[in-house]
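Single-structure report; data block below.
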Amino acid sequence: MKLLPIPAFDDNYLWLMHDGADALVVDPGAAPPVQEVLQRMGLNLKAILVTHHHADHVGGVVELLQATGATVYGPEAEDIPGPYSGCQGGQVLDVLGVRFEVIDVPGHTAGHVAYFAPALSPSPLLFCGDTLFSGGCGRLFEGTPAQMLDSLDRLAALPDDTRVCCAHEYTLSNLRFAVAVEPGNADLLAYQSKCIASREQGVPTLPSSIGLERRINPFLRSREAAVAASVRQRATQAHSDVDVFGALREWKTQFR
Ligand code: ZN
Ligand code: FE
């Protein structure tokens with residue numbers, strides 16, 4: 001199975017997987033860029049995986065569905081366009097012969113799901129939509145800090161070599177914030193230099209990996225002493241883990 005990010009809008013990636021003949025696409029916010037790749041590579045679209053209901057993730061679903069007859073999978077708890085197969089945490093899907101485990105990750109939206117392929121070669125793979133970004137996490141539009149922390153804990157527990165396919169190229173701005181939170185993190189500084197070089201060459205910073213995110217992403221590190229201390233300097237009322245996480249997310253939203 002080959003994996004490739006299709007850039008769309010300003011900073012979205014529509015992830016495509018294919019075996020040379022059949023393909024699946026994740027969160028197609030627009031149909032034309034997907035159609036272009038399918039035609040150029042001679043691929044049949046068999047499945048569409050949707051992580052959550054936002055327009056930049058579902059805008060192309062109906063058009064692709066009508067053009068290809070692909071099967072659509074999406075969160076049962078949300079309203080996704082077109083007839084689709086509703087998924088929820090704990091469910092296992094077989095898509096193009098790949099085993100995907102559905103993981104509930106509420107926070108960004110109330111019914112957000114992630115798709116995890118544990119047995120894929122050369123390493124496991126995660127489609128996490130707008131829940132986990134490289135160096136960051138999604139905004140809390142429909143969920144609480146407690147829900148998001150719990151969702152991110154679930155993703156952080158996946159194997160270190162899991163490839164993390166996020167839906168946006170937000171890495172550089174996330175890392176500027178991460179360095180403000182944890183200026184003494186050498187892994188973070190090295191990763192930031194590497195990502196700046198990638199973007200100067202127009203290369204995606206993704207996929208990332210769970211092992212890397214555990215070392216550099218402040219939202220997976222909010223219980224680390226250095227991160228919590230940095231948050232508590234600004235949010236003196238932040239006592240519990242959830243308080244610290246919530247204050248960190250709030251700080252990111254204000255950060256310029
Ligand atoms: Zn979203
Ligand atoms: Fe999005």
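The values are calculated or read from the model by the stated rules, or taken from the named source; none is laboratory data. Keep in mind that what you see is a predicted model, and the values were worked out from it rather than measured. Backbone-built Cβ (ideal geometry, glycine too); neighbour counts: all protein chains shown. Please note that ligands, DNA and RNA were not included when accessible areas were found on the heavy atoms of the full protein model with its side chains. Shrake-Rupley method; radii C 1.70, N 1.55, O 1.52, S 1.80 Å.
How would you order 225-238, 27-40, 102-115 from highest to lowest mean count of nearby Cβ atoms within 10 Å? Provide the component values of the computation, followed by the final result.
Numbers: 225-238: 14.8, 27-40: 18.5, 102-115: 24.1.
The peptides rank, most packed first, as 102-115, 27-40, 225-238.
Post the alpha-carbon centroid distance, the stretch 74-126 to the stretch 1-43, in whole angstrom.
Answer, in whole Å: 17.
How much net charge surrounds ARG221 when only the other residues with a Cβ under 11 Å from the Cβ of ARG221 are counted, with Lys and Arg +1 and Asp and Glu -1?
Details: positive: ARG214, ARG215, ARG223; negative: GLU182, ASP187, GLU213, GLU224.
With Lys, Arg at +1 and Asp, Glu at -1, the net is -1.
What is the spin-label model distance, in nm, from ALA157 to LEU96 if the labels are put 7 Å beyond Cα along the C-beta direction?
2.9
What is the helix-to-structure angle for 32-41, meaning the angle in degrees between its Cα long axis and the longest Cα principal axis of the chain, kept from 0 to 90 and rounded to the nearest 10?
The two axes meet at around 60 degrees.
Taking all protein chains as present, what is the carbon and sulfur share of the accessible area of the stretch 1-46, in % to the nearest whole number, probe 1.4 Å?
Values: 980 of 1990 Å².
Here carbon and sulfur together make up 49 percent of the probe-accessible area.
Does a label point 7 Å from the Cα of ALA21, set along Cα-to-beta-carbon, have any residues of the stretch 57-96 with amide nitrogen under 20 Å, and which are they?
Only 68-71, 94-96 pass the distance filter.
Using Cα atoms only, what is the angle between the long axis of helix 186-200 and the major principal axis of the chain, expressed in degrees (0 to 90) to the nearest 10?
With both axes taken from Cα atoms, the answer is about 40 degrees.
Could you list the chymotrypsin sites (Phe, Trp or Tyr not before Pro) in the stretch 173-256 that lie in coil according to DSSP, counting only those with at most 15 other Cβ atoms within 10 Å of their Cβ? Mind showing how you got there, number by number?
On the way: sites: PHE177, TYR191, PHE219, PHE245, TRP251, PHE255; in loops: PHE255.
The qualifying sites are PHE255.
Within the stretch 2-254, what percent of beta bridges assigned by DSSP are antiparallel, to the nearest 5? Each step should come with its number before you reach the end.
Details: 27 of 42 bridges.
Among the beta bridges of the stretch 2-254, antiparallel pairing accounts for roughly 65 percent.
Roughly how many Å² is the accessible area per residue of the chain, as a whole number, for a 1.4 Å probe? Can you show the working numbers first?
Values: 10690 Å² over 256 residues.
Result: 42 Å² per residue.
Over the chain, what is the relative contact order in whole percent, taking alpha-carbon pairs under 8 Å and six or more residues apart? Working shown, then result.
Working: 531 pairs, mean separation 32.6, N = 256.
About 13 percent, as a whole number.
How much length, in nm to one decimal, is gained on full extension between GLN254 and GLN233, taken as 0.36 nm per residue of separation minus their Cα-Cα distance? Mind showing how you got there, number by number?
Details: separation 21, 0.36 × 21 = 7.56 nm, distance 1.55 nm.
This chain segment gains 6.0 nm when fully extended.
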